[in-house]
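In what follows, a structure is listed as structure tokens, so that the remarks can point back to it.
The values are calculated or read from the model by the stated rules, or taken from the named source; none is laboratory data. Fair warning: this is a prediction, and the values are worked out from it, not measured in the lab. In this analysis, Cβ positions are derived from the backbone assuming ideal geometry, glycine residues included, and neighbour counts consider all displayed protein chains. Keep in mind that these areas ignore ligands, DNA and RNA; they rest on the heavy atoms of the full protein, side chains included. Shrake-Rupley method; radii C 1.70, N 1.55, O 1.52, S 1.80 Å.
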Amino acid sequence: MHDVAQLSDLARARGLRIAVAESLTSGTLAETIGAGEGAGEWFGGGIVAYLTEVKERVLGLEPGTDPCSAACAEQLARATRELFDADLTVSTTGVGGPDAEGGHPPGTVYVGWATRTRVGHRLLTLDGDPEQVLAATIDAAVRMLVFHALESDVADRESQLSG
């Protein structure tokens with residue numbers, strides 16, 4: 001929870017709007033972030049898109065994209081940033097387990113991120129049962145938000161909107 005407190009402080013101090021797109025974490029990332037202090041001031045919200053067809057229809061995932069891939073994670077983060085007019089977003093997609101899915105072993109997770117100027121991802125290869133994979137994914141996603149909130153190109157929202 002310490003990272004959520006830091007995220008809350010950064011978002012409020014820098015005037016950031018943050019949003020999330022979730023597949024693997026099924027809303028638990030939004031729940032975690034929404035518990036941050038003053039979240040009503042900086043957390044735009046989240047989208048849970050578990051089915052691939054929903055990812056395609058709601059978030060514009062290109063048909064045929066592997067739902068457990070860097071391309072998927074980045075597309076979800078970018079679309080969510082645009083949908084919420086957010087300064088910073090993360091997305092979670094992957095295989096929580098206990099079984100392999102789509103040729104991907106359990107614990108294969110992609111966390112995507114997007115700012116107003118950049119997009120990227122991080123591949124996680126996690127061990128443990130599904131609950132441990134989800135907890136580690138949420139932790140990694142929150143840490144990624146903190147990392148990018150500290151970046152110099154995620155400027156004060158007011159100056160971006162007025163410039």
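Against the longest alpha carbon principal axis of the chain, how many degrees, from 0 to 90 and to the nearest 10, is the axis of helix 2-14 turned? Compared with the principal axis, the helix lies near 40 degrees. Each Lys or Arg adds one and each Asp or Glu takes one away; over the other residues whose Cβ falls under 15 Å from the Cβ of VAL58, this sums to -1.
For the pair ALA70 and LEU123 in one chain, pulling the backbone fully straight at 0.36 nm per residue adds 18.3 nm over the alpha carbon distance.
Taking every protein chain into account, the 1.4 Å probe leaves TYR50 with about 140 Å² of accessible area, to the nearest ten.
Tally up the carbon and sulfur contribution to the accessible surface of the chain as a whole percent, 1.4 Å probe, everything protein left in place.
51
Ratio of Rg to Rh for the chain: 0.96 [Cα atoms; Kirkwood radius as inverse mean 1/r over pairs]. For GLY94, what charge total do you get from the other residues with a beta carbon under 12 Å from its beta carbon, if Lys and Arg give +1 and Asp and Glu give -1? It works out to a net charge of -2.
Annotation: GLU62 carries an accessible surface of approximately 120 Å², with a 1.4 Å probe and no ligand, DNA or RNA atoms counted. Relative to the longest principal axis of the Cα atoms of the chain, the long axis of helix 70-84 makes an angle of roughly 40 degrees. Summed over the residues of the range 37-92 and divided among them, the accessible surface reaches 45 Å² per residue at a probe radius of 1.4 Å.
Please list TRP42, TRP113 in order of solvent-accessible area, largest first, computed with a 1.4 Å probe with all protein chains present.
The ranking, largest first, comes out as TRP113, TRP42.
Taking a sphere under 11 Å around the Cβ of ALA49 and counting the other residues whose Cβ falls inside, with K and R at +1 and D and E at -1, yields a net charge of -1.
Per-residue surface analysis assigns HIS2 an accessible area of about 140 Å², computed on protein heavy atoms at 1.4 Å probe radius. Does anything in the range 77-96 have its amide N under 20 Å from the 7 Å Cα→Cβ label point of LEU150, and if so which residues? From the range 77-96, the list is 87-91.
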